[in-house]
Amino acid sequence: MDRCVVLVDAGYLLGAAASLLAGEPSRSRITVDHAAVVQGLRERAERETGQPLLRIYWFDGAPDRVPQPEHRRLRVMPRVTVRLGALTRTDGRWAQKGVDAAMHAELSELARNRACSDVVLVTGDGDLLPGMMSAKEHGVAVHLWAVQAADGDYNQSEDLVAEADERRVLDREWITQAVQARDTGAVCPPPGARPEIAAILSAPLPESAMPGPAAKPPRPTQQPEPAKNGHAPATTEPGAAKTGVPTPKDLAGLGGGRGPAGGHPTPQPPAAATLRWSSEKGWIERGPGSEAADPGLPTLAQLTSAEQRWADREEDITAVSGDPFEVGQVFARRWIDRLGDPSGLQTLSAEYPRVPHRIDGELLRYAARFGLLAHKDDQIDEHDRYAIRAGFWREVDSRSAGPRSDPAPSA
């Protein structure tokens, strides 16, 4: 059959590209335009083999063989088939398992069934040598493509190179059409502090906010000194703040009341206070004898129709890269566009810096769809969580009152 097929070992292609462009084989050091990679492979294969493309097979590893965002985007592209092996972590390093065996089986099957006349292999693994020899015995021309090595030497098995019918190198110019080194120094900026929050933290505490004689001491061997002149008592505890920064329990005594500008907070009875707690599930407000307080904002799921849900999944697969900051922005954009009521956006903006509990949980579940948050060691990646929420607030800012600014430093 006069057609060509391309078999790509993604671990080799992208790892070698990362070594070439970023100096180390970690794929996290590069950004990849997969559509451009596929288009470039197709055009070059058809030009060099002189045959129309039948299909590109993309072989890669994934934790538990669960498709990652890039795999979901690739497998819906025309003439692309994704085959996944396992991705395991040993001694702190990730390793693919079963990818070379899958490539060997596919290569042998294509040659045995005479499905193509030419096969392009983008790999460096010598384990493919028996499959390459079998394909040649069935009359298939084998083209071996290498990625330009960072040190100018071979990054392929010499036996594989010797057995190939044709050899080509994907040089830096070709690679940079679809792959770029990631700027590791660019870390998404934190949302600016709100002036009212800075004012709460800098204000001295009233005596009513201090623990009374019956309060449980922070340490069994220490007793807190009584408050003087409305300021927090001094402490000898290592690492303790010396300026009396209030704890969530202390803030409960404030009740949210404020005096004149620049004055002290107006004490409220503790019975009417609201405590704010933070946890891995987001912020939760609890008042005495009540359930978690919530501003009453609808979730994205409540605002989304079945048709919109299908379109969202299509966009996630084809357009959203899976970058944590972008994921937060996309979620916020959809929520705002479907909310309709402008007052809801203002209510959400007033909740800064906490994302209301139900919306925050939905945001993190959405992020998990892109392989974020839950890693092989079952630990939460706090940097990803931070970037997701930062992207969420950046989108909210752009739709409401503009970017938040840090308060002016006090004299």
One residue from LEU84, LEU107 being part of a helix (DSSP H, G or I) and touching a helix residue (DSSP H, G or I) at 6+ places or on another chain (Cβ under 6 Å): LEU107
Could we say that ARG44 is modelled with pLDDT under 95 and farther than 17 Å from ARG83 by Cα here? no
Using the structure shown, decide if ARG354 is among the charged types (D, E, K, R), at pLDDT 80 or above and not in a helix (DSSP H, G or I). yes
Would you be able to tell me the number of residues in the stretch 65-122 that are modelled with pLDDT of 90 or more, in contact with a His (Cβ under 8 Å, 6 or more places away or on another chain) and either among the acidic types (Asp, Glu) or over 24 Å from ARG313 (Cα atoms) (or both)? 7
Could you tell me whether any residue of the stretch 2-14 is touching an Asp or Glu at 6+ places or on another chain (Cβ under 8 Å), crowded, with 23+ Cβ neighbours inside 10 Å and of a type in the set (D, E, K, R)? yes
Output for the stretch 43-60, where each listed residue is assigned to a helix (DSSP H, G or I) and either surrounded by 20 or more Cβ atoms within 10 Å (Cβ to Cβ) or touching a Ser or Thr at 6+ places or on another chain (Cβ under 7 Å) (or both): ALA45, THR49
For ARG313, work out the one condition from (1) surrounded by fewer than 18 Cβ atoms within 10 Å (Cβ to Cβ); (2) touching a residue at least 60 places away in the same chain (Cβ under 8 Å); (3) over 23 Å from SER398 (Cα atoms) it doesn't fulfil. (2)
For the stretch 14-38, enumerate the residues that are within 22 Å of LEU107 (Cβ to Cβ) and more than 22 Å from the chain's Cα centre (by Cα). ALA16, VAL38
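The values are calculated or read from the model by the stated rules, or taken from the named source; none is laboratory data. These numbers come from a predicted model, not from an experiment. Glycine gets a Cβ as well: all are built from the backbone with ideal geometry, and neighbour counts include every protein chain shown.
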